[in-house]
Amino acid sequence: MAQTASSKQVGTATLTLGDKTASLPVLGGTLGTDCVDVRKLQNELGVFTFDPSYGATASCESSITYIDGDEGVLLHRGYPIDQLAENSTFLEVAYLLLNGELPNKAELEKFNSGVMRHTMLHEQIRSFWSGFRRDAHPMAMLCSVVGAMSAFYPDSINVHDERQREISAFRMIAKIPTITAWAHKYNVGQPFVYPKNEYSYAENFLYMFHAVPAEDYKPNPILTAAMDRILILHADHEQNASTSTVRLAGSTGANPFACIAAGIASLWGPAHGGANEAVLKMLAEIGHKDNIPEFIKQVKDKNSGVKLMGFGHRVYKNFDPRAKIMQKTCHEVLGELGIKDEPMLDLAIELEKIALEDDYFVSRKLYPNVDFYSGIILKAMGFPTQMFTPIFALARTVGWISQWKEMMEDPSNRISRPRQIYTGAPTRDYVPLEKRG
Ligand code: CMC
């Protein structure tokens, strides 16, 4: 395991409230913004901090992923995302996220086979699908089936056993492609395709997703490489909403399958992982380039509730480095598939161009994020729109389990429990029913 230093005190902040003064340590990590440590604030000044959507709060120390939103930088364990996307494989990135260092050849082989031998689901899990409606959203199936894994792998529930934590990580990473592919097979009424461990991780997913028993399946190396890259680009993103959900659930000692199910639920929303599905719906609604100005007008009207999906990010205020790689991959995939004229792509490019020249977006530092182009690639690769967010969940499972593992190994971990500003009724006496007006 990589040895990483904890944060260090780099200064002191002084906060005065009435006649009391608190000296608060300022902590610095390896890179990034320093943080005022407010843990003693209540004892010293009798107040809490208020930051409802955590825009100004660091919730943990982590050595996994670093984002510099102003510079458009994303690092996993120090390695830039573009280098990983160009040169690595998804399972190698998974090893890196989990263990802190790139593996040597023997370590990678052991890890690959360690993960791939867990790809099958307990056969009893199969019967879960028959309980769902055929048109059930695959994210609903993912949440339920992943949560249900707690009932099938009771040994993994011992979160204090290091070996069991490792096996849970293997199980989650290995089984989530099978669960995702089977959710689709159930939707379309095709037979479930069992995993083939001789395939690479991305190849195996494409196989389980696209193959049917009646025909031979020949993996396309370019599409497999694109799939692998899409998975790498979604693998982790530090303390985003779903990862924070996983950590919050995990802080109580809940088992990893329950925590990841919570993460999947959190990812589903259109402000987060659901945006890739929402982008395609938005492009379909716009329909034609001529309708872009009217759409942009709606986006700028705060009362319309319309957002430019796939644009904006809480942290990136310059560009999302994943979006750039995604755009390049999009052209490669369309080229490989011989798609010369993809109206959705033309529309997306035009929409991006118009938005990037418009003061509304420029002044608010709104740029395309990872979801803007991913849907177009996934659509070209034959994935139905409602599978986009499950594929994001498949990839992010590696990040979630790495962050959960890091938290479980941190001796200072204790239950996460925010406070509130109470704005309800003050204390009052119960009024019997017959005396109420
Ligand atoms: N379209 C139009 N206006 C926007 C958008 C957008 N996509 N995003 C932000 N704004 C406006 C927002 O209304 C606000 O305007 P004002 O200052 O006049 O009130 C300003 O920009 C600042 O935005 P914010 O709402 O404070 O930003 P946030 O950090 O709370 O939200 C976000 C970030 C990603 C939820 C938001 O940008 C958004 O809803 N984007 C569309 C959904 C999307 O693409 N999500 C995927 C994010 S990346 C992958 C992932 O995390 O899963």
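The values are calculated or read from the model by the stated rules, or taken from the named source; none is laboratory data. None of these values were measured; they are calculated from a predicted model. A quick note on method: Cβ atoms are made from the backbone with ideal geometry, for glycine too, and the neighbour counts reach across all protein chains shown. In case anyone asks, the SASA skips ligands and DNA or RNA and just uses the protein heavy atoms, side chains included. Shrake-Rupley method; radii C 1.70, N 1.55, O 1.52, S 1.80 Å.
Things worth noting here:
- A Cβ distance below 7 Å, combined with a sequence gap of six or more or placement on separate chains, defines the contacts here; from the stretch 415-433, residues that are open to solvent by less than 70 Å² (accessible area, probe 1.4 Å) reach residues that are part of a loop (DSSP other than H, G, I, E, B) in the pairs SER416/SER251.
- When the stretch 204-223 is filtered for residues that are assigned to a helix (DSSP H, G or I) and either at pLDDT below 95 or within 13 Å of the ligand (Cβ to nearest atom) (or both), the ones remaining, listed by number, are PRO221, ILE222, LEU223.
- The residue pairs whose first member lies in the stretch 237-263 and is open to solvent by 30 Å² or more (accessible area, probe 1.4 Å), whose second member is of a type in the set (D, E, K, R), and whose beta carbons are closer than 8 Å, counting only pairs six or more residues apart or on different chains, are GLN239/ARG247.
- Qualifying residue in the stretch 240-253 (condition: more than 14 Å from the ligand (Cβ to nearest atom), within 28 Å of LEU75 (Cα to Cα), in contact with a Cys (Cβ under 7 Å, 6 or more places away or on another chain) and charged (D, E, K, R)): yes
- Scanning the stretch 287-316 for residues that are within 28 Å of the chain's Cα centre (by Cα) and open to solvent by 100 Å² or more (accessible area, probe 1.4 Å), we see that the one that is farthest from the ligand (Cβ to nearest atom) is LYS302.
- Being surrounded by fewer than 20 Cβ atoms within 10 Å (Cβ to Cβ) and not charged (D, E, K, R) holds for only one residue in VAL398, VAL370, VAL362, and it is VAL362.
- Qualifying residue in the stretch 56-65 (condition: under 22 Å from ILE401 (Cα atoms), modelled with pLDDT under 95 and surrounded by 11 or more Cβ atoms within 10 Å (Cβ to Cβ)): no
- When residues of the stretch 154-168 are limited to those that are under 19 Å from ASN413 (Cβ atoms) and of a type in the set (Asp, Glu), the one least open to solvent (accessible area, probe 1.4 Å): ASP161
- Of all residues in the stretch 164-211, exactly one satisfies the criterion of being within 21 Å of ARG134 (Cβ to Cβ), among the polar types (S, T, N, Q) and in contact with a Ser or Thr (Cβ under 8 Å, 6 or more places away or on another chain), namely THR178.
- Among the residues of the stretch 169-200, just one is of a type in the set (Ser, Thr, Tyr), open to solvent by less than 10 Å² (accessible area, probe 1.4 Å) and farther than 15 Å from MET381 by Cβ, namely THR178.
- Within the stretch 290-317, residues that are closer than 26 Å to ALA56 by Cβ reach partners that are near the ligand (Cβ under 6 Å from one of its atoms) and in a helix (DSSP H, G or I) with beta carbons closer than 7 Å, at six or more positions or on different chains, in the pairs LYS307/VAL299; LEU308/VAL299; MET309/ALA275; GLY310/ALA275; GLY310/ASP371.
- Residue that is nearest to the chain's Cα centre (by Cα), among those in the stretch 336-385 that are charged (D, E, K, R) and outside any loop (DSSP other than H, G, I, E, B): ASP371
- Residue check, TYR95 among the aromatic types (Phe, Trp, Tyr), open to solvent by less than 70 Å² (accessible area, probe 1.4 Å) and out of contact with any helix residue (DSSP H, G or I) (no Cβ under 6 Å at 6 or more places or on another chain): no
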